[in-house]
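Every read-out reported here was derived from the displayed coordinates using simple, explicitly stated rules and does not represent laboratory data. Computed from a predicted model, the values in this text were never measured in an experiment. Cβ placement follows ideal geometry from the backbone for every residue including glycine, while neighbour counts extend to all protein chains displayed.
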Ligand code: AP5
Ligand code: MG
């Protein structure tokens, strides 16, 4: 078993390797990714955020992805894998990285396996699945508000900002995601069940998966996620 690090400075110096956050829309992938970033100092790579950035900038990728994302469907494996390959090639990924929302299909998982083995990656892949009761997801998603400046995630029901619609960190007006409406949410959940849920078995079979109860308070979920990352996956 890995020896737990003694201090935050130790955590920040260690090679961690790739961490995948798996979970339904609204499960808390983005919320928990930020806790892992704070502890280990490795980057959060959210394919949803990267795609939204491309849409905002009006890139060719953004133009192809926009309507698909608004409907709540998945962007093609090829486009997403190319985007991830470019992001993983940057130097800040050397000690490890958090994949938030990727892979999302078996084809993407197989692509990632090939990518890692082609680079002789020695550190084990860790997959944390955040499991949440489906009935809670609608309220989490329709109540979500995000700071467009610093990315802090709020929820008007469960984690409101101190001043309505205003980021506690920098005072920016909070925004509502375009796909957080009931029609898109329903499609996102269908896509998750059909295309992403099979990844649970894919990674369980590789002894890489740890399942965390995501129904608890965010602080409790964070404690469980961080504890799991300090253990071998099959012991967590
Ligand atoms: P993406 O941006 O990844 O969206 P998603 O998977 O639908 O997940 P969300 O970001 O909605 O939820 P989350 O799990 O991050 O939850 P959060 O922490 O914000 O993808 C968007 C779209 O991009 C896709 O539909 C697809 O079109 C495209 N795309 C992205 N990746 C792709 C890929 N790999 N392949 C193809 N297409 C791709 O939390 C949600 C809310 O709950 C917040 O308000 C938060 O404050 C609250 N909350 C969190 N934890 C708790 C808790 N424990 N208790 C109470 N409230 C909580
Ligand atoms: Mg997210």
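When the residues of the stretch 116-157 are filtered to those that are touching a helix residue (DSSP H, G or I) at 6+ places or on another chain (Cβ under 7 Å) and either free of Cβ contacts under 8 Å to residues at least 24 places away in the same chain or part of a strand (DSSP E or B) (or both), the one that is nearest to residue 20 (Cα to Cα) is 127. The set of residues in the stretch 13-30 being surrounded by fewer than 18 Cβ atoms within 10 Å (Cβ to Cβ) and either touching a strand residue (DSSP E or B) at 6+ places or on another chain (Cβ under 9 Å) or in a strand (DSSP E or B) (or both) consists of 14, 15, 17.
Restricting the stretch 213-229 to residues that are within 8 Å of ligand 1 (Cβ to nearest atom) and touching a residue at least 12 places away in the same chain (Cβ under 8 Å), the residue that is farthest from residue 40 (Cα to Cα) is 215. Of everything in the stretch 170-196 that is exposed (fewer than 14 other Cβ atoms within 10 Å of the Cβ) and more than 19 Å from residue 143 (Cβ to Cβ), the residue that is farthest from the chain's Cα centre (by Cα) is 171. Residues that are part of a helix (DSSP H, G or I) and surrounded by fewer than 21 Cβ atoms within 10 Å (Cβ to Cβ) were ranked within the stretch 31-46; the one that is farthest from ligand 2 (Cβ to nearest atom) is 39. Among residues of the stretch 60-76 that are free of Cβ contacts under 8 Å to residues at least 60 places away in the same chain, those with a Cβ under 7 angstrom from a residue that is assigned to a loop (DSSP other than H, G, I, E, B), sequence gap 6+ or separate chain, pair up as 65/75; 68/75. If you go through the stretch 47-59 and pick out every residue that is surrounded by fewer than 18 Cβ atoms within 10 Å (Cβ to Cβ) and either touching a residue at least 12 places away in the same chain (Cβ under 8 Å) or not in a helix (DSSP H, G or I) (or both), you end up with 3.
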